[in-house]
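The structure under discussion appears below in the form of structure tokens.
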Amino acid sequence: MFDLTGKTALVTGATGGIGGEIAKALAAAGAKVALSGTRVERLEAVAAEIGENAVVVPGNLADSASVDGLIKQAEEALGGQLDILVNNAGITRDQLAMRLKDDDWQAVIDVNLTAAFKLARNSLRGMMKRRFGRIINIASIVGVTGNPGQTNYAAAKAGMIGWSKSLAQEVAVRGITVNCVAPGFITTAMTDELADAQKEKLLGSIPAGRMGESAEIAAAVLYLASTEAGYVTGQTLHVNGGMAMI
Amino acid sequence: MSDVADRVKKIVVEHLGVEEDKVTENASFIDDLGADSLDTVELVMAFEEEFGVEIPDDAAEKILTVKDAIDFIEKANG
């Protein structure tokens, strides 16, 4: 099951904990994976760990020229058109709404919502022609439940879930699926920033009684990328230890 | 019949899976040949590749019939 031999994939934010694990999981299933992100050294390290199934395609999703060229760049590096796009890159600029600056609102919308959409749009041409494509967007539980201090992040992630459903309806008949994976609290650099007291409180609200691991997100992505998941589209798969059941 | 017309019709037959004799010059992609909006986007993409032309969105919106496509391509390549 879940054999991706002969398929190509692009994972954005592959420098991060979750993105790196996703890239490894797709490559382990046989896909050739392009790793994108801003920190080239870190990308090279993840690529070295994966071996010959990985290529490095640096890019900064805060820069619109970089966004516009990324799919083409990835397809050149992969030596073929893209089958699987994983929109994993994301940033946070947390602040209470009353103090949230316009720039911090816009930066999060630009990277987490707009760049992800553009990458999806730009990858459709080849997918339509081959009647196969998998677009997998890493959303967040926060996009569904909200979270104080994250109006910008929640808006971007809720928006991502919304466009995924619209796009899923447009392209389903061409064998292209569009889904989201919504992580709960996962052990990463992003959640390391939380204070211990905050973490304790969060753990109390997670029925599984622990934080999730990046590999558990990667497993959900691998499933949605597989041919076996061809009848699943427009969905959001929540991977959150039971923290919210929606 | 021109070479462009032949090639356009061949693409339409292949993409929409319709009988060749139905693909007349005045046939509308949507009304006569059963294309949906996504089919028309794909047809435009196929024309672009076959003829090496770029069909901007505002021009693509005006390509409603087989003849519209032939005319646009002949003009662009003329």
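The values are calculated or read from the model by the stated rules, or taken from the named source; none is laboratory data. Bear in mind that the values here come from a model prediction, so they are computed numbers and not experimental data. Virtual Cβ from ideal backbone geometry, glycine too; neighbours counted across all protein chains shown. Ligands, DNA and RNA are stripped out before the accessible areas are found, and what is left, the full protein with its side chains, is counted by its heavy atoms. Shrake-Rupley method; radii C 1.70, N 1.55, O 1.52, S 1.80 Å.
Within the protein assembly as shown, antiparallel bridges make up roughly 5 percent of the DSSP beta bridges whose residues both belong there. Annotation: chain B has a Kirkwood hydrodynamic radius of 12.2 angstrom, from the mean reciprocal C-alpha pair distance. Note: chain A, Cα convex hull, 119 Å³ per residue.
Based on protein heavy atoms only, the range B:3-77 ends up with 57 Å² per residue of surface accessible to a 1.4 Å probe.
Evaluated with a Cβ-only charge set (Lys, Arg +1; Asp, Glu -1), chain A carries a dipole of roughly 760 debye about its Cα centre, given to the nearest 20.
Between helix A:40-50 and chain A there is an angle of about 60 degrees, using the helix long axis and the longest principal axis of the Cα atoms.
What the Cβ-Cβ distance of residue A:219 and residue B:20 gives, at R0 = 41 Å and to the nearest 0.05, is a FRET efficiency of 0.25. The tail of the calculated P(r) for the range A:1-84, taken as Cα-Cα distances beyond 19 Å, holds 29 percent of the pairs.
To one decimal place, what Kirkwood hydrodynamic radius in Å is obtained for the range A:126-183 from all pairs of distinct Cα atoms? Roughly 12.0 Å, rounded to one decimal.
Of the residues A:140, B:63, A:71, the one whose Cα sits farthest towards the positive end of the charge dipole of the protein assembly as shown is A:140 (charges of +1 on Lys and Arg Cβ, -1 on Asp and Glu Cβ, taken about the Cα centre). Angle, helix A:214-225 long axis vs. longest principal axis of chain A, Cα atoms, 0 to 90°, nearest 10? Value to nearest ten degrees: 40. Residue A:195 label point, 7 Å along Cα→Cβ, cut-off 20 Å on backbone N: hits in the range A:95-122? What the label zone holds, given the 20 Å backbone N cut-off, is A:95-100. Model label sites at residue A:45 and residue B:58, defined 7 Å from Cα along the beta-carbon direction, differ in position by 5.1 nm. In the range B:28-59, comparing the full protein assembly with the chain on its own, the residues that lose 30 Å² or more of accessible surface at a 1.4 Å probe are B:38, B:42, B:45, B:49.
Between A:208, A:139, A:23, the GNM of chain A built on Cα springs shorter than 10 angstrom shows A:208 fluctuating the most. Note on the range A:189-246 and the range B:1-48: Cα centroid distance 46 Å, given to the nearest whole angstrom.
Residues whose amide H lies under 5 Å from that of residue A:181, counting only those 5 or more places away or on a different chain, are A:137, A:138, A:139, A:237; hydrogens are built 1.01 Å from N in the peptide plane. A DSSP coil position with no more than 12 other Cβ atoms inside 10 Å describes the following GluC sites (Glu not before Pro) in the range A:1-85: A:52. Simple point charges give the picture: +1 on the Cβ of Lys and Arg, -1 on the Cβ of Asp and Glu, and for chain B a dipole about the Cα centre of about 180 debye.
With the gyration tensor restricted to C-alpha atoms of the range A:175-246, the semi-axes of the equivalent ellipsoid amount to 28, 12, 9 Å, longest first. A simple rule links phi to the HN-Hα coupling: the Karplus curve 6.51 cos²θ - 1.76 cosθ + 1.60 with θ = phi - 60°, which for the range A:12-22 gives 8, x, 6, 7, x, x, 5, x, x, 5, 4 Hz, with x for Gly and Pro.
Label positions at residue A:38 and residue A:97, each projected 7 Å from the Cα along the C-beta direction, are separated by 2.7 nm. Think of the range A:87-246 as a dipole: +1 on every Lys or Arg Cβ, -1 on every Asp or Glu Cβ, centred on the Cα centre; then among A:233, A:187, A:205, A:233 lies furthest on the positive end. Using DSSP to define loop residues, name the trypsin sites (Lys or Arg not before Pro) in the range A:97-156 whose beta-carbon has at most 14 other beta-carbon atoms within 10 Å. Qualifying residues, ordered by number: A:101, A:131. In the full protein assembly as shown, how much of residue B:2 is accessible to a 1.4 Å probe, in Å² to the nearest 10? About 40 Å², ignoring ligands and nucleic acids. How far, in degrees from 0 to 90, does helix A:64-78 lean away from the longest principal axis of the Cα atoms of chain A, to the nearest 10? Helix A:64-78 sits roughly 50 degrees off the main axis of chain A.
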